[in-house]
1. Just for region 116-133: of the residues that are touching a residue at least 60 places away in the same chain (Cβ under 8 Å) and surrounded by 18 or more Cβ atoms within 10 Å (Cβ to Cβ), which one is nearest to residue 97 (Cα to Cα)?
2. Out of 182, 147, report the one residue that is at pLDDT 95 or above, in contact with a helix residue (DSSP H, G or I) (Cβ under 7 Å, 6 or more places away or on another chain) and under 25 Å from residue 40 (Cα atoms).
3. Output the number of the condition that residue 136 fails; it satisfies all remaining conditions of (1) crowded, with 16+ Cβ neighbours inside 10 Å; (2) part of a helix (DSSP H, G or I); (3) in contact with a helix residue (DSSP H, G or I) (Cβ under 8 Å, 6 or more places away or on another chain).
4. Regarding region 153-162, can at least one residue be identified that is buried (at least 19 other Cβ atoms within 10 Å of the Cβ), assigned to a strand (DSSP E or B), without any contact (Cβ under 8 Å) to a residue 60 or more places away in the chain and on the phi < 0 side of the Ramachandran plot?
5. Cβ-Cβ under 9 Å, sequence separation 6+ or interchain: first residue in region 13-28 and on the phi < 0 side of the Ramachandran plot and free of Cβ contacts under 8 Å to residues at least 12 places away in the same chain, partner in a helix (DSSP H, G or I) and surrounded by 10 or more Cβ atoms within 10 Å (Cβ to Cβ). Which pairs?
């Protein structure tokens, strides 16, 4: 095996609202903090040699308990951020997301298409697999869904994305035959 990545979708976070906080500063809820603490022993037992996270607060907070257990720093990587959808927090956001999944090549003005996110996600995870050995990586639901799709996992669609739990843990093993993935819904 060349390397493995344990990809973690953040724990339960404060929902987005028009009044904020913004996406970079949305924290975990109290339940999310409990979930992150509950994950720490399991994630530590996987023996990561590096911990890398999206710069978004909720992703970093999810990994802080395991980083504390292992005495490893959390490195942040802007490429692990969530999809820049251009969709504002609104009651009908799911309709806009579903439309984007139906037309992944399309992007709102100044935003990122889902196809562009897929390219970013696959490129980032491949680069981390090449450089980090066994990495624990914290990111977001849409990033993870599009990464799994781009890495060749079957059944990755809008329904898969909507059903992904918070938190969710996926293991990606990279070897000469490709990528083997395991986790919820796969």
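The values are calculated or read from the model by the stated rules, or taken from the named source; none is laboratory data. Keep in mind that this is a model prediction, so the values were computed, not measured. Cβ placement follows ideal geometry from the backbone for every residue including glycine, while neighbour counts extend to all protein chains displayed.
1. Taking region 116-133 first, the residues touching a residue at least 60 places away in the same chain (Cβ under 8 Å) are 125, 128-130, 132-133.
Then keep just the ones that are surrounded by 18 or more Cβ atoms within 10 Å (Cβ to Cβ); that gives 125, 128-129, 132.
Values: 125: 23, 128: 28, 129: 29, 132: 32 Å.
It comes out as 125.
2. Values: 182 fails: in contact with a helix residue (DSSP H, G or I) (Cβ under 7 Å, 6 or more places away or on another chain).
The match here is 147.
3. It is condition (2) that residue 136 fails.
4. Taking every residue of region 153-162 in turn, none turns out to be buried (at least 19 other Cβ atoms within 10 Å of the Cβ), assigned to a strand (DSSP E or B), without any contact (Cβ under 8 Å) to a residue 60 or more places away in the chain and on the phi < 0 side of the Ramachandran plot.
5. Cβ pairs passing all conditions: 21/57.
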